[in-house]
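The values are calculated or read from the model by the stated rules, or taken from the named source; none is laboratory data. All values reported here derive from a predicted model rather than from experimental measurement. Cβ placement follows ideal geometry from the backbone for every residue including glycine, while neighbour counts extend to all protein chains displayed. The accessibility values were calculated without ligands, DNA or RNA, using every heavy atom of the protein model including side chains. Shrake-Rupley method; radii C 1.70, N 1.55, O 1.52, S 1.80 Å.
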Amino acid sequence: MKILKYLFLFALLSFVALTVFVATQKGDFSVERSKVINSPRATVYNYLNDFRNYEDFESWSVEDPTIKMTYANKTSGNGATFYWDGTDGKGNSIILKTKEGESIDQKMQFDGTEADINWTLKDTLNGKTKVTWKGKGTMSFLFKIYTALHGGSDRVIGTIYEKSLANIDKNLDYETKTFAFTVDGVVKKTETPYIKQTFTSEIAKVSKNARIVIPKLIHFSETNGLSAVGKPFIIYHTYDTKTGLAKISICLPINKEISTSSGSDILAGKLNGFDAVKTTLNGDYSHRNEAIAKTTAYINNQKIIPDLSWSHLEILTLSKLDVKASSKLVTEIYFPIKPKVVPAAAVTDPVYAPENTGETTSEPRTEQPRTEPVKRKPAAPAPAPTQTPAQEEDSEF
């Protein structure tokens, strides 16, 4: 009994000594890890800038199957937030500041531990990206004990960063390289009314702009008693690969034609029916140019005449608003073409049969020309056409 008592006292004294030791240690930490990711910088940035992807690469969520992620309405860009709850505790993170394609600043809290998080991205050779992940903050008392027993904060947090960076590389390598596209041939697109926002965008940022604009269009349609009758689509009025710019209209098809009030940033229009060559892209948007090149080759080989008055149309059959995995995206691309001209049937001169007069003749009867002109009542002049502002928006082309 005395031995057990002494062992108990020893354990208690050891715990007290450890507690005192930990309490007197600084709770501040600063950890940094870097890795070269085998994906373009824009792809890596978009991936890190969307909290929906974090459960797929953060090592603590990957290794804890019980963890539950909760997302706010805004999951990417400044002000985006998400929360998690697992066996190891609860936490949340918010994006404070972003610099497009270059850096992301975040604030994280985890069971009393607070940290300022910074991601920086740099281009490397062969289109790869060097990602540096920094964390700086103050540990809670329990986390100080945990790190003290497991080799220190740099080792504990650094291991988490290293595993997570490896997951990012693995995930992106698969997601961006898993794609396919098919040229489906000539189809007819029917007309449809829609609401839209039109502006000039960098081609690389069209997908990001679509994720911002489409929820606005959906909110507008719901607020005004309209119904969406299909997937959102993007009209490319121009597509300049030299400047990297495109004039686009991001559209939501609706159930009826409308006119919007003056000054509204959301306008109404109608997509006229047109003939097109359709191509289906399964996978990341970064392969759009490959799909366009394949379709252009098809048009040339089939001796189809393209309609060059505008560029093309993309229907976001499955977009980033529907699925988070790039490999699961589906985009239908329609390239306008001029309809084939069907030759008119040959017209022959009419043959007049002779009247049956009961007489027999060997000469054909000749139709006599009319000597008096036919007098017709002049038609009333047609009224001048009028056009309302809503009608001016009817056609996009």
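What the table below lists for this structure:
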{"read-out": "Extension gain (nm, one decimal) between E202 and K74, 0.36 nm per residue minus Cα-Cα", "value": "43.8 nm"}
{"read-out": "Length released on extending from S103 to K328, taking residue separation times 0.36 nm less the Cα-Cα span", "value": "78.3 nm"}
{"read-out": "FRET efficiency, Q302 to E191 (Cβ-Cβ, R0 30 Å, nearest 0.05)", "value": "0.75"}
{"read-out": "Cα gyration tensor, region 161-204 - rounded (a/c under 1.5), prolate or oblate", "value": "oblate"}
{"read-out": "Extension gain from T124 to F141, taking 0.36 nm per residue of separation minus the Cα-Cα distance", "value": "2.1 nm"}
{"read-out": "Computed label-point distance, nm, for sites T132 and R155 using a 7 Å Cα→Cβ extension", "value": "2.6 nm"}
{"read-out": "Inter-part distance where region 199-237 and region 28-49 are each reduced to a Cα centre, Å", "value": "29 Å"}
{"read-out": "Cα gyration tensor shape for region 223-286, rounded if a/c is under 1.5, else prolate or oblate", "value": "prolate"}
{"read-out": "Protein accessible area in region 98-199, 1.4 Å probe - carbon and sulfur %", "value": "53 percent"}
{"read-out": "Hull volume in cubic angstrom per residue (convex hull over the Cα atoms of region 246-347)", "value": "176 Å³"}
{"read-out": "Cα shape, region 61-159, gyration tensor, a/c 1.5 rule", "value": "oblate"}
{"read-out": "Using distinct alpha-carbon pairs, which all enter the 1/r mean, Kirkwood radius of region 141-235 in Å", "value": "19.0 Å"}
{"read-out": "Of all accessible heavy-atom area on region 213-257, the percent that carbon and sulfur account for (1.4 Å)", "value": "53 percent"}
{"read-out": "Accessible heavy-atom area order of E290, E222, E191, highest first, probe of 1.4 Å", "value": "E222, E191, E290"}
{"read-out": "Sequence of S221, S311, S262 when ordered by accessible area, the most exposed leading, probe 1.4 angstrom", "value": "S262, S311, S221"}
